[in-house]
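Contents: one structure, followed by commentary.
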Amino acid sequence: MIIRYAKEEDLPMLVEIYNQSVQTSAATFDLTPVTVEQRRSWFDNHISNELFPLIVAEKDGVVAGYASLSSYRDKEAYIQTVELSIYIDKNQQGHGIGKQLMKRILELAKELNHHVVISGITKGNDISVKMHEQFNFTFCGEFKEVGWKFDQWQDVLFYQLILQDV
């Protein structure tokens, strides 16, 4: 398996992986699957802005998962704070791909001089919580009932990693 920057031809598979989460988990609060064209601006923003990398894990020539760093908020003072996202193909979960993506994206965050990495994790996603804790993320708080998905209110747990502490 190799970890590399995303390329144009990866976009359809990134959309497929993302839509798996849209349809089967509360990891994202999108309620309906997205199209390649709907996801294009997200992709282009990552490809064109070196501060917000988008990387993929390629296994046997196929994208098995991806990770990205995104702007946390648009205000200038937040420029060194980023939000982390990791999505793994449902058929590739449980093989350590998420950990490899996490390791590399955090290396990139440090190289890019980001100061804080933030993750919002839907409550109940214990695998994601455990992985974040393994990488020394700290629990910061919980927003109760902020998303309505699968006929129930969803809570979001917030974790952060101060990169100078790593």
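Quick notes on this structure:
- Flag for GLY94 being touching a helix residue (DSSP H, G or I) at 6+ places or on another chain (Cβ under 9 Å), in a loop (DSSP other than H, G, I, E, B) and closer than 30 Å to THR32 by Cβ: yes
- Looking only at segment 76-91, and only at residues there that are acidic (Asp, Glu) and outside any loop (DSSP other than H, G, I, E, B), the one that is least open to solvent (accessible area, probe 1.4 Å): GLU83
- Taken over segment 80-109, residues that are farther than 15 Å from PRO53 by Cβ and aliphatic (A, V, I, L, M) amount to 2.
Quick grid of which residues meet (1) among the small types (Gly, Ala, Ser); (2) over 15 Å from the mean Cα position of the chain (by Cα):
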position: SER68; (1), (2): yes, no
position: SER71; (1), (2): yes, no
position: GLN80; (1), (2): no, yes
position: ILE86; (1), (2): no, no
position: ASN91; (1), (2): no, yes
position: ARG104; (1), (2): no, no
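- Taking each residue of segment 17-41 that is open to solvent by 50 Å² or more (accessible area, probe 1.4 Å) and looking for partners that are assigned to a helix (DSSP H, G or I) with beta-carbon atoms closer than 6 Å, six or more apart or interchain, yields ASP30/VAL22; PRO33/ASN19; PRO33/VAL22.
- Options ARG73, ARG40; residue that is basic (Lys, Arg), over 21 Å from GLN100 (Cα atoms) and not in a helix (DSSP H, G or I): ARG73
The values are calculated or read from the model by the stated rules, or taken from the named source; none is laboratory data. Worth saying up front: this structure is predicted, and the values here are computed from it rather than measured. A quick note on method: Cβ atoms are made from the backbone with ideal geometry, for glycine too, and the neighbour counts reach across all protein chains shown. Accessible surface areas use protein heavy atoms only, side chains included; no ligands, DNA or RNA. Shrake-Rupley method; radii C 1.70, N 1.55, O 1.52, S 1.80 Å.
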